[in-house]
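K.L.:
Before we start, here is the structure in question, set down as structure tokens.
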Amino acid sequence: MSRQGKRKTKKGIGIAFCTCVYLFLFLPILVIVVNSFNATTSKPYLTWKGFTFDWYVRLFDNGALLSSFGNTIIIAVVSTLLATMIGTLGAFGMYKYKFKGKGVIDGLLYIPVVIPEIVLGISLLSLFTNVNIPRGMLTLILAHVTFSVPFVIFNVRARLSGYDNSIEEASMDLGANRVITFFEITLPVLAPGIAGGALLAFTLSIDDVIISYFVNGQTKTYPLKVMESIKSGVAPDVNALSTLILLGTIVLVVLTQSDFLKKKKA
Amino acid sequence: MKKHQWRANTLPSLVTVGPVTLWLLFFVAVPLIYVGVMSFCSLDQYYNVTFQFTLDNYKRLFDVNYIKIYGQSVLIAFLTTIICILVAYPFSFLIARTKSKKKMILYMLVIIPFWTNSLIRIYGWKTFLGTTGWLNTALQFLHITSEPLELLFHRGTTVLGMVYCLFPFMVLPLYTAIEKLDGSLLEASADLGAKGFSTFFEVILPLTASGIFSGSIMVFIPALGYFFVADILGGGNSDVIGNLIERQFQSGNNWPLGAALSIILILITLLLVKIYQKLGGDMESLGV
Amino acid sequence: MARPIVEINGVNKIYGSNHVVKDLNLVVEEGEFLTLLGSSGCGKTTTLRMIAGFEEPTSGSIKVEGEAIEEKEPFERNVNTVFQSYALFPHKTIYDNIAYGLKMKKVPKDEIKKRVHEMMELVQLEGFEKRYPSQLSGGQKQRVAIARALINRPRVLLLDEPLGALDLKLRKQMQLELKRLQKKLNITFIYVTHDQEEALTMSDRIAIMNAGVLDQVAAPTEIYEHPATKFVATFIGETNIFDGSIRSINGESLSIQIENGDVKATGSEFAAGEFINVSVRPEKMKYALDPVEGFTLIATVKDYVYVGSVVKCIAVLPNGNELKIERLAGQPLPQLGEQIFPYWNEKDVVVIHNRDQIFYQAVDNVVLG
């Protein structure tokens, strides 16, 4: 075979391989999307009974499902805000100041990242039960902040590694005290790292099943609602909501990405 | 002098690092210590945890049925990790080495599926593979098989589900490691007379090994705990350690035993992380 | 007589076991351009940072305009700094960078605008208001950093190797500009550099630091012609240094023994037997083909180096030390390989007290070794 021919075959194999991987990744999504249009009304909602948009309408009558989605959003927003605030301050302080026990904090940070989620879930459950914090929205938020904080810190830290300390000194030199310097200089410069961390925290929060499963009490999040419905077969309206969420996130990403690209050009 | 030290270092470090320290102490350190304590506790007649020291929970860990599940769980995690490496490595290599514009899109395409709830996607696999699922329907329609195939509820499907859930955690570090590879190194290696295979084993693999290590940590450890995958796709036939723990904390209601089982997971995690660090792994690259 | 504006009294700075600044006493006068000169790690930047308030002295006091400032935070001090890395705020426009100090002082918007524009004109940056630091060249960034620091009208401007990152040509140009600015605004400049040429060109006075100790503070010509220590003599300009001791004194005329023989020089305040250094600038070094009275040095010409308009002749002494003789191109110099008898006019050289007594240590080592 000629050199070019060989290269073409290689490229062809590569493309075929990648396509297979993407198919593997998107297959279940396809199932979800297709099933959201399934006209069947009998459990376990598996047989195809024809095409309908009904579920996208009926979805809005399913109060329990909608409220679970609402809970998920509330928990994700609140826990992301908290985790981002605590994490950003922490990452900054650990980078900037000298104090004893830094190694201990570092070690604690890695625990939620590497330990299986179920261990964190049951240990938080045990704690909440032992100190009598009623399980619900509050415990969910506390738990979500706990597993997101390290990710925020790592992201901010990555940004800090290229950070020039002297800009803060310059700010103080020009008459800004530490607090003003933090808000005028430090925070805006670290913003991309903070935003990255926040996005990751948000993503982890809305998708979390295992930890929420242990600390939820009676407050159902959307993933927990899905878990509940799996026993009896996932209803098409759940599929419909998933499809909508997916669509929403894609639109959001396309919008922010294109905006980002535009800014880069300017 | 003291005042300056307080304003320049002590106070700001307290304000910045204080909250996260307290948080980690209260919601990570204390709960884990409590689980450790609980694993030595007994149950009273109402199934409440009482602080009476016992080693019973640890003795029960050596139950043959449990040991079988540990073995099965490690096997599933191991297979999942191997498959993830074998598929994700060439895949990451191909997308990381694509020309710039398409690269970002190809990368995003790996992430996008994960914005859909993982449970519902696992359920999607169940729908696809079930006896009345898409695959069987198609096979029968095409007269390839006459009877529906039992594709669900064994170890293989659990591994498939695990691979599916954890695949991006292998791709991300590999992609980062491969993207960092300096193209001129490959050229230098070829220039020095190395054939494709030797370039791979002599240059590429050693330089991207860190990605394989961190990917393996991020796949293997969660695979021991992902009980819902084993639940949905394994149907109780391929439980992992996570299932054992989950049962003790929910239906079984034997928290001390569940705590002792968790200690196994904690020990495995510590061991693997130690090995990872010995191999020169950077903890930070596990987080992003 | 000028007023003192910065007074540093007995300042020490110790990091762990590292004594960075040792018992520093220095008075900076109002309106002067003072350069802290020294090699890297000599404590000059630390000194500057203590004046700015980023570091605090381990002991001693620093006064600005007669007021002790150790307890003051950087943002409470009426001094401003130009940083080596420029330290421009990457997320703010050039306008906002320069306006920052005024904004912090809550100056009315109109006045900020007026003063920023004045400043931009002063540093020749008109039209760059809306750009970001990343869109500027090194020289432009430097001007922004200077404008930003000057807009607060500080009593003292601290500059930490501000030209270090610029290429040679631009550096020369900026040196002149800075000097011009300083004279025009009549602000005290304390300038840190390791570049002796820069220091000689710009400064009213130079303070030379060596390993945390202030060796000499004086005007550039004084420093060059009358170095107070061996370090100053070698650090500023090129020189031939001889370690030796005073053999005998006759009025101002000193007969000196060095390792390679006997030489002569003039100086007062020396005692017979004292350890000294003799510094001979290459352009003051003479040679003869026959012995000269009072000098017993012999050297062999080894090499020539052409540096544009001057020629350097390198000759080797019996102990292997090299001797530099410098002449304008075209002036006579000895042949390569020729044996010469170096000497000098007694009044052309400087005799320095040898604080370290290096000569006899060296000789002892040879004997013992």
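Derivation of every value follows stated rules applied to the coordinates shown; laboratory data play no part. Keep in mind the model is a prediction, meaning the values are calculated, not measured. We place every Cβ from the backbone using ideal geometry, glycine too, and count neighbours over all the protein chains shown.
K.L.:
Using the number of other C-beta atoms within 10 angstrom as an exposure proxy, rank C:His226, A:His144 with the fewest first.
P.N.:
Numbers: C:His226 14, A:His144 27.
Least to most surrounded, the residues fall as C:His226, A:His144.
K.L.:
Would you kindly derive the ³J(HN,Hα) couplings of segment C:308-315 from the backbone phi angles with the Karplus curve 6.51 cos²θ - 1.76 cosθ + 1.60 (θ = phi - 60°), listing them in order in whole Hz, with x for Gly and Pro?
P.N.:
The phi angles translate into x, 7, 10, 10, 10, 10, 9, 10 Hz.
K.L.:
Set the Förster distance to 45 Å, then compute FRET efficiency between C:Ser40 and B:Lys99 from the Cβ-Cβ distance, nearest 0.05. Spell out each step's value before the answer.
P.N.:
Numbers: r = 45 Å, r/R0 = 0.99.
According to the calculation, E is roughly 0.50.
K.L.:
Still on this structure: Using Cβ counts within 10 Å as a stand-in for footprinting exposure, how do B:His143, C:His194 rank, fewest first?
P.N.:
Details: B:His143 7, C:His194 18.
Ascending number of Cβ neighbours within 10 Å: B:His143, C:His194.
K.L.:
Any idea how far apart C:Glu346 and B:Gln5 come out in nm if each label point goes 7 Å out from Cα toward Cβ?
P.N.:
5.8
K.L.:
Right, here's the next one. Note down the relative contact order for segment C:1-153 as a percent, whole number, built from C-alpha pairs under 8 angstrom at least six residues apart. Numbers along the way, then the final one.
P.N.:
Values: 207 pairs, mean separation 32.0, N = 153.
Across segment C:1-153, relative contact order equals 21 percent.
K.L.:
Measure out, as a whole number of angstrom, how far apart the alpha-carbon centroids of segment B:39-53 and segment C:1-30 sit.
P.N.:
Distance between centres, Cα-based: 69 Å.
K.L.:
Here's a follow-up. Let me know the charge dipole size of segment A:85-162 about its Cα centre in debye, to the nearest 20, where only the beta-carbon of Lys, Arg (+1) and Asp, Glu (-1) is charged.
P.N.:
Working: 7 positive and 2 negative charges, 78 e Å.
In total the dipole reaches around 380 debye.
K.L.:
Magnitude of the Cβ-charge dipole of chain B, K/R +1 and D/E -1, about the Cα centre, nearest 20 debye? Write out the running numbers ahead of the final one.
P.N.:
On the way: 19 positive and 15 negative charges, 160 e Å.
In debye, rounded to 20, chain B gives about 760.
K.L.:
By the gyration tensor of its Cα atoms, with a ≥ b ≥ c the square roots of the eigenvalues, what is the shape of segment B:68-286: rounded for a/c under 1.5, prolate for a/b over b/c, or oblate?
P.N.:
oblate
K.L.:
How much length, in nm to one decimal, is gained on full extension between C:Ser248 and C:Lys109, taken as 0.36 nm per residue of separation minus their Cα-Cα distance?
P.N.:
On the way: separation 139, 0.36 × 139 = 50.04 nm, distance 7.35 nm.
Extra length available between C:Ser248 and C:Lys109 comes to 42.7 nm.
K.L.:
If you take every residue apart from C:Gly294 with its C-beta less than 15 Å away from the C-beta of C:Gly294, what net charge results, scoring Lys and Arg +1 and Asp and Glu -1?
P.N.:
Local net charge: -2.
K.L.:
Also, quick follow-up: Could you work out how much longer the chain between C:Asp167 and C:Glu65 gets when fully extended? Use 0.36 nm per residue separation minus the Cα distance between them, nm to one decimal. Numbers along the way, then the final one.
P.N.:
Numbers: separation 102, 0.36 × 102 = 36.72 nm, distance 3.59 nm.
So the extension gain works out to 33.1 nm.
K.L.:
In debye, nearest 20, what is the charge dipole magnitude of chain A about its Cα centre with +1 on Lys and Arg Cβ and -1 on Asp and Glu Cβ, if you could check?
P.N.:
For chain A, the charge dipole is close to 1200 debye.
K.L.:
Arranged by the count of other C-beta atoms within 10 angstrom, fewest first, what order do A:Asp106, A:Asp61 take?
P.N.:
Details: A:Asp106 15, A:Asp61 9.
Taking fewest neighbouring Cβ atoms as first place, the list is A:Asp61, A:Asp106.
K.L.:
Continuing with the same structure: For segment B:68-286, what's the relative contact order in percent, using C-alpha pairs closer than 8 Å and at least 6 residues apart? Present the calculation step by step, with values, prior to reporting the outcome.
P.N.:
Details: 248 pairs, mean separation 61.6, N = 219.
The normalised contact order for segment B:68-286 reaches 28 percent.
K.L.:
Follow-up. At 7 Å along the Cα-to-beta-carbon direction for both B:Val15 and C:Glu322, put a label point, then send me their distance in nm to one decimal.
P.N.:
Rounded to a tenth, the inter-label distance reads 5.7 nm.
K.L.:
Follow-up question, since we're still on this one. Using r as the Cβ-Cβ distance of A:Asn132 and A:Ala195, and R0 as 51 Å, what FRET efficiency do you calculate, to the nearest 0.05? Each step should come with its number before you reach the end.
P.N.:
On the way: r = 37 Å, r/R0 = 0.73.
For R0 = 51 Å, the calculated efficiency reads 0.85.
K.L.:
Related question: Among B:Ala223, C:Ile246, C:Gly60, pick out the residue whose Cα is farthest towards the positive end of the charge dipole of the protein assembly as shown, where Lys and Arg carry +1 and Asp and Glu carry -1 on C-beta, about the Cα centre.
P.N.:
B:Ala223
K.L.:
Answer rounded, prolate or oblate for segment A:63-265, using the Cα gyration tensor with square roots of eigenvalues a ≥ b ≥ c: rounded when a/c is under 1.5, else prolate when a/b is larger than b/c, else oblate. Before the final figure, lay out the partial values.
P.N.:
Values: a/c = 2.69, a/b = 1.50, b/c = 1.80.
The shape class here is oblate.
K.L.:
Between A:Lys98 and B:Leu271, what is the label-to-label distance in nm when each label sits 7 Å out along the Cα-to-Cβ direction?
P.N.:
Taking the simple label geometry, A:Lys98 and B:Leu271 are separated by 4.1 nm.
K.L.:
Let me ask another. Answer rounded, prolate or oblate for segment B:181-279, using the Cα gyration tensor with square roots of eigenvalues a ≥ b ≥ c: rounded when a/c is under 1.5, else prolate when a/b is larger than b/c, else oblate.
P.N.:
Numbers: a/c = 5.55, a/b = 2.83, b/c = 1.96.
Prolate shape, in that a/c is at least 1.5 and a/b is the bigger ratio.
K.L.:
Something else about it: Lys and Arg at +1, Asp and Glu at -1: add these up for the other residues within a Cβ distance under 12 Å of A:His144 and post the number.
P.N.:
Details: positive: none; negative: A:Glu117, A:Asp207, A:Asp208.
Result for the local shell: -3.
K.L.:
Could you grab the relative contact order for segment A:63-265? Cα pairs under 8 Å, six or more apart, rounded to a whole percent.
P.N.:
Details: 186 pairs, mean separation 71.1, N = 203.
Answer for segment A:63-265 is 35 percent.
K.L.:
Could you please state, rounded to a whole Å, how far the C-alpha centre of segment B:230-276 is from the C-alpha centre of segment B:57-120?
P.N.:
Taking the Cα centre of each part, segment B:230-276 and segment B:57-120 sit 18 Å apart.
K.L.:
If you wrap a convex hull around the Cα atoms of the protein assembly as shown, how much volume per residue is inside, in Å³?
P.N.:
On the way: hull volume 255.6 nm³, N = 923.
Taking only Cα atoms, the protein assembly as shown has a hull volume of 277 Å³ per residue.
K.L.:
Count charges around A:Thr221 for me, please; just the other residues with Cβ under 12 Å from its Cβ, Lys/Arg as +1, Asp/Glu as -1. Please report the intermediate quantities before stating the final value.
P.N.:
Details: positive: A:Lys220, A:Lys225; negative: A:Asp207, A:Asp208, A:Glu228.
Cβ neighbours under 12 Å give a net charge of -1.
K.L.:
Next question, about the same structure. Given the rule -39500 (n - 2.57) for each run of at least 4 DSSP H residues, summed and divided by the residues of chain A, what is its mean residue ellipticity at 222 nm, to the nearest 500 deg cm²/dmol?
P.N.:
Result for chain A, helices only: -25500 deg cm²/dmol.
K.L.:
Among A:Gln218, A:Asn62, A:Leu255, whose Cα projects farthest towards the positive end of the dipole of chain A, with charges put on the beta-carbon of Lys, Arg (+1) and Asp, Glu (-1)?
P.N.:
Farthest towards the positive end: A:Leu255.
K.L.:
Under 14 Å from a point 7 Å along the Cα-to-Cβ line of A:Thr256: which residues of segment A:201-221 have their amide N that close?
P.N.:
What the label zone holds, given the 14 Å backbone N cut-off, is A:201-206.
K.L.:
For segment B:52-57, take each phi angle, set θ = phi - 60°, evaluate the Karplus expression 6.51 cos²θ - 1.76 cosθ + 1.60, and give the result in whole Hz per residue in order, putting x for glycine and proline.
P.N.:
Calculated HN-Hα couplings, in order: 10, 5, 8, 9, 3, 4 Hz.
K.L.:
Where does chain C land at 222 nm, in deg cm²/dmol rounded to the nearest 500, when only DSSP H runs of n ≥ 4 count, each adding -39500 (n - 2.57), divided by all residues?
P.N.:
Numbers: 9 runs with 95 residues, N = 369.
After summing the helix terms and dividing by residue count, I get -7500 deg cm²/dmol.
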